[in-house]
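Enquirer: The following block contains the structure, expressed as structure tokens.
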Amino acid sequence: MSDALGSKVIVNGVNPKHIAIIMDGNGRWAQKRMMPRIMGHHAGVKAVRKIVEYCAKEHIEVLSLFAFSSENWRRPKDEVSLLMELFMSTLQSQVDKLDKNNIRLRIIGDKSAFPEKLQDKISAAEAQTANNTGLTLVIAANYGGRWDIAQAVQNIVAGIKTGAIAEQAINEELIDQYLVTADLPEPDLFIRSGGEERVSNFLLWQLAYTEFFFTDVLWPDFDQAMMQRAIDSFKGRQRRFGHTGEQIIDKRML
Ligand code: IPE
Ligand code: IPE
Ligand code: MG
């Protein structure tokens, strides 16, 4: 656990280590142009490439992008299958470039629901980039915050059954270790494009103390300047983690 008065508290003026983004508004972007929704998703991929480039250049440690939620299966079949194809083709076309740029790729979510071919591609891409030391790019695909907590509980219960975990050992840190983000720092900054101001089952547990930034800009129009605005907004905030503002200032002057 991080020390309550440790580095987590005094972050003002500092870049976020971990940025989590709900990339929303692709469909509306396309509809505004009288185009099919999938064209919005294609345009969304272009925006992703620019934001990834930016984060790598700015030495952000982790960028987590919500690409497909566990609830997105409820969409029309055609859109779901086109999204799967886009995910697969993007993975295929981008992995070498990510690797060259020292980016480590991680896919989080319930991958068992994906076609086997896609699961294989995911494992191969993760393995290829596993030892990279630059930006960690986390793609949440068939991810849900509630699913994440449920799979952690299942694994903890399995551990108790085998005796590997003592019941009394269950605390926040232990639960943290069983989430799919166990080895990553908590998100410092959460961004949602597209005008909605909700979490839509993204990283529920992990967002406990994250700073939120919402914009009406639709994801395909989200550019590096907007990213900089979100980061500047983050830098101007005082994170208190339950302390008083005075305690934070006193600590900063030490
Ligand atoms: C986000 O854009 C991308 C995915 C959920 C895959 P949307 O497709 O939700 O776009 P809107 O909200 O309909 O405009
Ligand atoms: C959240 O967007 C999921 C992704 C961006 C992948 P949605 O568009 O699915 O969210 P809701 O349904 O408006 O809450
Ligand atoms: Mg949406």
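The values are calculated or read from the model by the stated rules, or taken from the named source; none is laboratory data. Keep in mind it's a predicted model, so treat the numbers as computed, not measured. Don't worry about glycine lacking a Cβ; one is built from the backbone with ideal geometry, like all the others, and counts go over all protein chains shown.
Enquirer: Would you mind finding the one in 66, 87 that is part of a helix (DSSP H, G or I), at pLDDT 95 or above, under 18 Å from the mean Cα position of the chain (by Cα) and under 13 Å from residue 142 (Cα atoms)? Spell out how you get there, then give the answer.
Expert: On the way: 66 fails: part of a helix (DSSP H, G or I).
Only one candidate qualifies: 87.
Enquirer: In addition: All but one of (1) of a type outside the set (Ser, Thr, Tyr); (2) assigned to a helix (DSSP H, G or I); (3) more than 16 Å from ligand 1 (Cβ to nearest atom) hold for residue 73, so report the exception by its number.
Expert: If we test residue 73 against (1) of a type outside the set (Ser, Thr, Tyr); (2) assigned to a helix (DSSP H, G or I); (3) more than 16 Å from ligand 1 (Cβ to nearest atom), just (3) comes out false.
Enquirer: How many of the residues making up region 90-113 are in a loop (DSSP other than H, G, I, E, B) and either touching a His at 6+ places or on another chain (Cβ under 9 Å) or closer than 19 Å to residue 202 by Cα (or both)? Give the steps one after another, and end with the answer.
Expert: Our first condition is that a residue be in a loop (DSSP other than H, G, I, E, B); within region 90-113, this holds for 101-103, 109-110.
Those still in the list that are either touching a His at 6+ places or on another chain (Cβ under 9 Å) or closer than 19 Å to residue 202 by Cα (or both) too: 109-110.
Selection size over region 90-113: 2.
Enquirer: Identify the residue in region 162-184 that is part of a loop (DSSP other than H, G, I, E, B) and free of Cβ contacts under 8 Å to residues at least 12 places away in the same chain and, among all such residues, is farthest from ligand 3 (Cβ to nearest atom). Working first, answer last.
Expert: Taking region 162-184 and keeping what is part of a loop (DSSP other than H, G, I, E, B), we get 163-166, 170-171, 179-184.
Checking the rest, the ones that are also free of Cβ contacts under 8 Å to residues at least 12 places away in the same chain come to 163-166, 171, 182-183.
Details: 163: 45, 164: 40, 165: 38, 166: 43, 171: 36, 182: 28, 183: 29 Å.
Looking at the filtered set, the residue picked out is 163.
Residue-by-condition table, conditions (1) within 13 Å of ligand 3 (Cβ to nearest atom); (2) touching a Phe, Trp or Tyr at 6+ places or on another chain (Cβ under 8 Å); (3) assigned to a loop (DSSP other than H, G, I, E, B):
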| site | (1), (2), (3) |
| --- | --- |
| 186 | no, yes, yes |
| 205 | no, no, yes |
| 220 | yes, yes, no |
| 232 | no, no, no |
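Enquirer: Let me ask something else about it. Residue check: is residue 198 loosely packed, with under 15 Cβ neighbours inside 10 Å, within 19 Å of the chain's Cα centre (by Cα) and of a type outside the set (S, T, N, Q)? So that I can check it myself, show each step before the final result.
Expert: Values: loosely packed, with under 15 Cβ neighbours inside 10 Å: yes; within 19 Å of the chain's Cα centre (by Cα): yes; of a type outside the set (S, T, N, Q): yes.
Yes, satisfied.
Enquirer: Could you list all residues from region 16-57 that are within 16 Å of ligand 2 (Cβ to nearest atom), not in a helix (DSSP H, G or I) and not aliphatic (A, V, I, L, M)?
Expert: 24, 25
Enquirer: In addition: In region 140-152, which residues are in contact (Cβ under 8 Å) with a residue 12 or more places away in the chain and at negative phi?
Expert: We begin by selecting, within region 140-152, every residue in contact (Cβ under 8 Å) with a residue 12 or more places away in the chain; these are 140-149, 151-152.
Correct list: 140, 141, 143, 144, 145, 146, 147, 148, 149, 151, 152.
Enquirer: Please go through region 107-139 and pick out each residue that is on the phi < 0 side of the Ramachandran plot, surrounded by 14 or more Cβ atoms within 10 Å (Cβ to Cβ) and either touching a residue at least 40 places away in the same chain (Cβ under 8 Å) or among the β-branched types (Val, Ile, Thr) (or both).
Expert: Across region 107-139, the qualifying residues are 107, 108, 110, 122, 129, 134, 135, 136, 137, 138, 139.
Enquirer: Okay, moving on. So the check is Cβ under 8 Å with 6+ separation or different chains; which pairs have a first residue in region 31-53 that's more than 9 Å from ligand 1 (Cβ to nearest atom) and a second one that's assigned to a helix (DSSP H, G or I) and charged (D, E, K, R)?
Expert: Here the result reads 38/79; 47/221, each pair linking region 31-53 to a residue that is assigned to a helix (DSSP H, G or I) and charged (D, E, K, R).
Enquirer: Now for a separate question. Among all residue pairs at least 6 apart or on different chains, which show Cβ distances below 7 Å where the first residue, located in region 192-203, is touching a residue at least 12 places away in the same chain (Cβ under 8 Å) and closer than 10 Å to residue 24 by Cβ and the second is of a type in the set (Asp, Glu) and within 12 Å of ligand 3 (Cβ to nearest atom)?
Expert: Once the first residue is touching a residue at least 12 places away in the same chain (Cβ under 8 Å) and closer than 10 Å to residue 24 by Cβ and sits in region 192-203, its partners that are of a type in the set (Asp, Glu) and within 12 Å of ligand 3 (Cβ to nearest atom) give 192/24; 193/24; 194/24; 196/24.
Enquirer: Could you tell me which of the residues 165, 191, 103, 175 is buried (at least 20 other Cβ atoms within 10 Å of the Cβ) and either more than 18 Å from the chain's Cα centre (by Cα) or within 16 Å of ligand 1 (Cβ to nearest atom) (or both)? Steps first, answer last, please.
Expert: Numbers: 165 fails: buried (at least 20 other Cβ atoms within 10 Å of the Cβ); 103 fails: either more than 18 Å from the chain's Cα centre (by Cα) or within 16 Å of ligand 1 (Cβ to nearest atom) (or both); 175 fails: buried (at least 20 other Cβ atoms within 10 Å of the Cβ).
Result of the check over 165, 191, 103, 175: 191.
Enquirer: Given the structure, is residue 60 in a loop (DSSP other than H, G, I, E, B) and either farther than 26 Å from residue 146 by Cβ or more than 16 Å from the chain's Cα centre (by Cα) (or both)? If you could, list the steps in order and put the result at the bottom.
Expert: On the way: in a loop (DSSP other than H, G, I, E, B): yes; either farther than 26 Å from residue 146 by Cβ or more than 16 Å from the chain's Cα centre (by Cα) (or both): yes.
Criteria met by residue 60.
Enquirer: Restrict the check to region 233-254 and report whether at least one residue is under 20 Å from residue 40 (Cβ atoms) and not aliphatic (A, V, I, L, M). Break it down into steps so the answer makes sense when it comes.
Expert: Within region 233-254, the subset under 20 Å from residue 40 (Cβ atoms) is none.
Looking through region 233-254, none of the residues is under 20 Å from residue 40 (Cβ atoms) and not aliphatic (A, V, I, L, M).
Enquirer: For residues that are in a helix (DSSP H, G or I) and more than 22 Å from residue 193 (Cβ to Cβ), scanning just region 234-251, find the one that is farthest from ligand 2 (Cβ to nearest atom).
Expert: Within region 234-251, the subset in a helix (DSSP H, G or I) is 234-235, 245-251.
Keeping just the survivors that are more than 22 Å from residue 193 (Cβ to Cβ) gives 245-251.
Details: 245: 33, 246: 38, 247: 36, 248: 33, 249: 37, 250: 40, 251: 37 Å.
The residue in question is 250.
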